[in-house]
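Chemist: Could you have a look at this structure, given as structure tokens, before my questions?
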Amino acid sequence: MTRLIKRLDETLARIEKCVIVTCFTLLVGFVLIGILSRNLLHLPSSKLFESAPSLVLWMALLGASLALKQRRHIRLELVLRYCSETVRQWSGRVVSLFGAAVMAGLLITSIEFVRNEIAMFGGWGWLAIIFPVFFGSTAFRYLAALIVPPDTHRTSDSLVKGASSR
């Protein structure tokens with residue numbers, strides 16, 4: 001079971017990284033085309049500029065999901081530093097359970113939000129699909145943290161860094 005969860009998590013991370021690189025490439029390309037078309041061809045390109053905030057949102061949310069996978073998200077550990085290992089482990093489980101529940105609730109809500117966006121904006125409404133994707137992936141990662149112990153839930157990136165620092 002833990003092997004399957006790790007494999008799913010690694011596959012999800014690879015997909016997220018590819019989408020982030022694609023979004024960044026599109027963002028740079030759209031801005032460049034917009035600037036060139038406006039300044040050289042005197043043609044407005046408002047649709048390209050309108051897509052830029054959506055691409056930035058996609059990169060930010062997918063980056064946050066990757067940070068959660070690598071356990072590099074924001075955590076408030078000031079109090080936990082002074083607690084025993086048992087208390088820290090139980091705290092991690094409670095936080096993971098709470099995070100998964102919140103993200104699952106937001107996932108359900110975001111699906112309705114995407115439906116409304118599509119109804120209002122047509123094809124452009126599909127850009128909001130990032131919200132259910134983000135909430136679904138983070139809910140999965142919080143649940144994975146409950147099932148797979150933190151010591152064994154290392155990424156291939158962290159394994160490479162650990163090997164290179166020796």
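Chemist: Regarding LEU66, is this residue of a type in the set (A, V, I, L, M, F, W, C) and not in a loop (DSSP other than H, G, I, E, B)? Break it down into steps so the answer makes sense when it comes.
Modeler: On the way: of a type in the set (A, V, I, L, M, F, W, C): yes; not in a loop (DSSP other than H, G, I, E, B): yes.
Yes.
Chemist: Here is a list of conditions, (1) free of Cβ contacts under 8 Å to residues at least 24 places away in the same chain; (2) farther than 25 Å from ALA144 by Cβ; (3) not hydrophobic (A, V, I, L, M, F, W, C), and ARG14 meets all of them except one; can you say which number that is?
Modeler: Of the numbered conditions (1) free of Cβ contacts under 8 Å to residues at least 24 places away in the same chain; (2) farther than 25 Å from ALA144 by Cβ; (3) not hydrophobic (A, V, I, L, M, F, W, C), the odd one out for ARG14 is (2).
Chemist: Would you mind telling me which numbered condition in (1) farther than 11 Å from THR138 by Cβ; (2) of a type in the set (Val, Ile, Thr); (3) at pLDDT 90 or above; (4) open to solvent by 50 Å² or more (accessible area, probe 1.4 Å) VAL102 fails?
Modeler: (1)
Chemist: Among the residues in the range 105-116, are any closer than 23 Å to ARG7 by Cα and in a helix (DSSP H, G or I)?
Modeler: yes
Chemist: Another question about this same structure. Output the residues belonging to the range 8-30 that are more than 17 Å from the chain's Cα centre (by Cα) and either open to solvent by less than 50 Å² (accessible area, probe 1.4 Å) or under 17 Å from GLN70 (Cβ atoms) (or both). Lay out the reasoning, then the answer.
Modeler: From the range 8-30, those more than 17 Å from the chain's Cα centre (by Cα) are 25-30; that's our starting set.
Those that are more than 17 Å from the chain's Cα centre (by Cα) and either open to solvent by less than 50 Å² (accessible area, probe 1.4 Å) or under 17 Å from GLN70 (Cβ atoms) (or both): LEU27, GLY29.
Chemist: Look at ARG154 and say whether it is loosely packed, with under 12 Cβ neighbours inside 10 Å, modelled with pLDDT under 50 and either in contact with a Ser or Thr (Cβ under 7 Å, 6 or more places away or on another chain) or not in a helix (DSSP H, G or I) (or both). Quick ask: steps written out before the conclusion?
Modeler: Details: loosely packed, with under 12 Cβ neighbours inside 10 Å: no; modelled with pLDDT under 50: yes; either in contact with a Ser or Thr (Cβ under 7 Å, 6 or more places away or on another chain) or not in a helix (DSSP H, G or I) (or both): yes.
It is false that ARG154 is loosely packed, with under 12 Cβ neighbours inside 10 Å, modelled with pLDDT under 50 and either in contact with a Ser or Thr (Cβ under 7 Å, 6 or more places away or on another chain) or not in a helix (DSSP H, G or I) (or both).
One line per residue, one yes/no per condition, for (1) part of a loop (DSSP other than H, G, I, E, B); (2) closer than 18 Å to SER137 by Cα; (3) touching a strand residue (DSSP E or B) at 6+ places or on another chain (Cβ under 7 Å):
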residue: LEU4; (1), (2), (3): no, yes, no
residue: ASP9; (1), (2), (3): no, yes, no
residue: LEU12; (1), (2), (3): no, yes, no
residue: ILE20; (1), (2), (3): no, yes, no
residue: GLU50; (1), (2), (3): no, no, no
residue: ARG71; (1), (2), (3): yes, yes, no
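Chemist: What are the residues in the range 64-93 that are open to solvent by 30 Å² or more (accessible area, probe 1.4 Å) and modelled with pLDDT of 85 or more, if any?
Modeler: ALA64
Chemist: Restricting attention to the range 37-59, which residues are farther than 12 Å from GLU16 by Cβ and open to solvent by less than 80 Å² (accessible area, probe 1.4 Å)? Spell out the reasoning first.
Modeler: Step one: filter the range 37-59 for residues farther than 12 Å from GLU16 by Cβ, giving 37-57.
The answer is SER37, SER45, SER46, LEU48, PHE49, SER51, ALA52, SER54, LEU55, VAL56, LEU57.
The values are calculated or read from the model by the stated rules, or taken from the named source; none is laboratory data. What you are looking at is a predicted structure, and each value in this text was computed from that prediction instead of being measured. Using ideal geometry, Cβ is built from the backbone for each residue, glycine included, and neighbour counts are taken over all protein chains shown. Note: accessible area is taken over every heavy atom of the protein model, side chains too, but ligands, DNA and RNA are not part of it. Shrake-Rupley method; radii C 1.70, N 1.55, O 1.52, S 1.80 Å.
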